[in-house]
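Every read-out reported here was derived from the displayed coordinates using simple, explicitly stated rules and does not represent laboratory data. The model shown is predicted, which means the values in this text are computed figures rather than measured ones. Methodologically, a virtual Cβ is constructed for each residue, glycine included, from the backbone with ideal geometry; neighbour enumeration extends over all protein chains shown.
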């Protein structure tokens, strides 16, 4: 049981979108209007629910989130858009608010609009199931996740509860990563927007699983102010603590997603330091994390540092290849772009662990960033080839 | 038996770079100086042999190519550079030419300089084994290839023989793609350079296996003029025929590489049409080909067209998502970015075949390009995780 912040209730029920009969519809409601902020996928193919949510986010406040798993409602044209709107409309009707006060998210199969007839009974059942535990909602949005993902934090007298589904960019469904954060903090829209941008940059944007960007990715936060006090502004005392708490929740969810990647057995932290800017360090880290060859090697327990350098070498960063040092499990396995004095057997042992740490130093500047990924395994391919549309 | 063009001899012997004891050193010699052209990897980590070959290519003519498999001599610093130079020097000594007349290539494990003591006996044995069959050389450069790769063509009275090793960008060795073409055509350096650039653009650059660019990739061509006649210039009659023949050889080798990818069971042709430029069509095709999710789906026989659109959506091409049509196995499975009237069962049947054909029409312009890839299978991951440094 994870108790939601004051004023929030949630439910997760089976509406019938998943063939398995598992819970597949989640409803999150706040008893008073909440300030909202959201980060949505930049994929040019935005799923229908993303298009609806994008419009509704402009209002800056919301009363509910309705989310289904089992059907992503992506690449579904006008029929899909009608279904996403209907989800908002029926939810508004059930809980007594405007269609525009409802945010919508979907994850699952792509290319078919969800069955419209499932919506009304599903949303009504969800309304009847509303309670203050976050767990049923977290279970209802799972696809290939092996466990529900929930994280909590506190900021002053306010609490934050985050719920995500992932298996990262690797979902066979294409419908990737959803995260929702509910908080009873009293914050202004400007603070919430700023804090969310920072939190996402430090969490979900530091994980890179297979370079695929979903049509359905979204992170939404609702702050209903039930903890009391005037809405905090970005410069108010307490704003930093709130921003930090939101970051903590997002980071915990992101790490949970990496650790629960399809078929993954390891969590890999790739720190690139000695960059001229943090952005440069992130670009380098992402190029390394996206190397399928490297991630296969790690799955096999092999400290194949050559694949790290080869991936770094494909970027346009004007680094000097003969100035690059590479630590694998703390061992200096490459120095100046050539074999280093580190103990490769120790690096190999370190690669047997669940957490694998790779540090690349480009010796160009003072900036650094860490990118997180996992390993590619036979099970990953099995997941993604046996799923049929 | 594939007879080399006039004036060329080749050998493939076991020098000891591969632990298996399989042939691992290839020598190609021309009895007179040959005009040369080459295309080398753009990875910032260029292997030591690539650095040597780059310098020797500037001379515009060469007498031999020495190539080993089993050790890529990449990320090996000054020690590796000394070995690559030694390979050229000993080869020059053996066949009676300058060190600078020898081009060097390596493929195999990364991060260790090859054992220098293997060079002298290996190169001497290779010299003794020289003959006019291309086959032993082709076998000596194989890594995870399941078969030697040779292609032939004729242009007027000249012949061309190409030899490659691939398994594409997927080699667990990181040391990817090598291709060598020997021809007795009499051509100028300008024609050879132009023809090779065009041939590579139409062949090796249209295949994309896992987006990894090797430290060791190279394509080298030697034209020794033994077929007689004045060296042909780009505008001479016959120049087009020569260019076409070189393209044909490179295309045949590239297709052979795609079909022999590690663990691959299918060859996938992705044609993007309705682009404003060919370059744009190639960018789109490559983004689609590099989608691991899509390639897993194809391995599983699933016409998962949503993954094609999702990959296209990650590019910066300003196409209209709702104008895109997609044919899979000839079936219009998506129209205007939404499900199309095509028969998905027929598309699924077509995905059982060895050759899978996907056509994407962006409806922006008249340009088109085809990108080739293969499927990602459990065997691919096994290959790439079980290899140990």
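With only alpha-carbon atoms in the gyration tensor, what are the semi-axes of the equivalent ellipsoid for the stretch A:266-389, in Å, largest first?
So the equivalent ellipsoid measures 25, 18, 11 Å along its semi-axes.
Where does the stretch B:303-376 land on Rg(C-alpha)/(2.2 N^0.38 Å)?
Rg over 2.2 N^0.38 Å, computed on Cα atoms: 1.08.
Give me log10 I(q)/I(0) at q = 0.19, 0.30 Å⁻¹ for the stretch B:240-293, Debye formula, one equal scatterer per alpha-carbon, no solvent.
Debye output, listed in q order: -0.88, -1.06.
If you wrap a convex hull around the alpha carbons of the stretch A:180-241, what volume per residue comes out, as a whole number of Å³?
Dividing the Cα hull volume of the stretch A:180-241 by its residues yields 89 Å³.
May I ask what percent, to the nearest 5, of DSSP beta bridges between residues of the protein assembly as shown are antiparallel?
If I count the DSSP bridges inside the protein assembly as shown, around 70 percent turn out antiparallel.
Take every DSSP beta bridge whose two residues both sit in the stretch A:254-389, then give the antiparallel share in percent to the nearest 5.
Percent antiparallel among DSSP bridges in the stretch A:254-389 is about 70.
Let me make sure I get this right: for the stretch B:1-140, a, b and c are the square roots of the gyration tensor eigenvalues over alpha carbons, sorted descending. Under 1.5 in a/c it's rounded, otherwise prolate if a/b > b/c, else oblate. Which is it?
Oblate.
How would you order A:19-27, A:46-54 from highest to lowest mean count of nearby Cβ atoms within 10 Å?
Ranked by mean Cβ neighbours within 10 Å, highest first: A:46-54, A:19-27.
Hey, if you drop one equal point scatterer on each alpha-carbon of the stretch A:266-323 and run the Debye formula without solvent, what base-10 log of I(q)/I(0) do you get at q = 0.22, 0.30 Å⁻¹?
Values returned for q = 0.22, 0.30 Å⁻¹ are -0.86, -1.36.
How well do other chains shield peptide A:307-318, expressed as the mean number of their Cβ atoms within 10 Å of each residue Cβ?
Taking all residues of A:307-318 together, the mean is 6.
One-quarter of the Cα convex hull surface for the stretch A:169-317, in nm²?
10.5 nm²
Just rank B:200, A:187, fewest to most, by other beta-carbon atoms within 10 angstrom.
B:200, A:187
Report, in cubic angstrom per residue, the convex hull volume of the C-alpha atoms of the protein assembly as shown.
Convex hull of Cα atoms, per residue: 148 Å³.
To the nearest 10 degrees, how steep is helix B:189-202 against the longest Cα principal axis of chain B, on a 0 to 90 scale?
Value to nearest ten degrees: 30.
With the Cα gyration tensor of chain B in hand, convert its eigenvalues to equivalent ellipsoid semi-axes via √(5λ) and list them largest first in whole Å.
Those come to 38, 24, 17 Å.
Calculate for the protein assembly as shown the 222 nm mean residue ellipticity that helices alone would give, adding -39,500 (n - 2.57) per DSSP H run of length 4 or more and normalising by residue count, nearest 500 deg cm²/dmol.
-9500 deg cm²/dmol
Under the definition of partner shielding as Cβ atoms of other protein chains within 10 Å of a residue Cβ, what is the mean value for peptide B:284-297?
Mean shielding by partner chains, rounded to a whole number: 4.
Mind pulling the angle between the C-alpha long axis of helix B:278-289 and the longest principal axis of chain B? Nearest 10 degrees, somewhere in 0 to 90.
On a 0 to 90 degree scale, this one is about 80.
With an 8 Å cut-off on Cα pairs and a minimum separation of 6 or more residues, tell me the relative contact order of chain B in percent.
The normalised contact order for chain B reaches 17 percent.
How do the peptides A:109-115, B:351-357 rank, highest first, by the average count of neighbouring beta carbon atoms within 10 Å per residue?
Final packing ranking: A:109-115, B:351-357.
Peptide B:78-84: average number of partner chain Cβ atoms within 10 Å per residue?
Mean inter-chain Cβ contacts per residue within 10 Å come to 1.
Output the 0 to 90 degree angle, nearest 10, between the alpha-carbon long axis of helix B:48-57 and the longest principal axis computed from the alpha carbons of chain B.
Approximately 80 degrees, to the nearest ten.
Restricting to chain A, compute how many DSSP beta bridges are antiparallel as a %, nearest 5.
Counting DSSP beta bridges with both partners in chain A, the antiparallel share is about 70 percent.
Taking 25 °C and 0.890 mPa s as the conditions, I'd like the Stokes-Einstein D for the stretch A:76-138 in µm²/s, using the Kirkwood hydrodynamic radius from alpha carbon pairs.
193 µm²/s
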